[in-house]
Amino acid sequence: MKILTEYHANYSLEKAVEFNLHFNHIIKRIEDSPKQFPVFDTDFRKALLGKPSRYKVIFRIFDNDIYIIALVHDKRHPEYWKKRLEIRS
């Protein structure tokens, strides 16, 4: 998250602040009601950060716990997070 904030800050402090607001907002929504987000790829869920952002939060629900798996960009290697799971298995 810090790297993405710094990336956006290099272009515009306003963009970095906006990105952080969207991220914090979506994390709160996930915490409050994780099942509102669509299921995909068996048992993962995705939450879009908000327009015009192309980022989404990938997460899973185990029992009553929520695990954030990745924050991915729709156009930049959107499937890379799956390789992370293979390494840790």
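Values quoted throughout were computed directly from the atomic coordinates according to the rules given, and no laboratory measurement underlies them. Keep in mind the model is a prediction, meaning the values are calculated, not measured.
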Over 18 Å (Cα to Cα) among Lys51/Lys75; Lys46/Lys75; Lys15/Lys82; Lys28/Lys56 -> Lys15/Lys82
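Note the full-extension length gain between Arg29 and Leu71 as 0.36 nm times their separation in residues minus their Cα-Cα distance, in nm to one decimal.
Numbers: separation 42, 0.36 × 42 = 15.12 nm, distance 1.51 nm.
Stretched fully, the Arg29-Leu71 segment lengthens by 13.6 nm.
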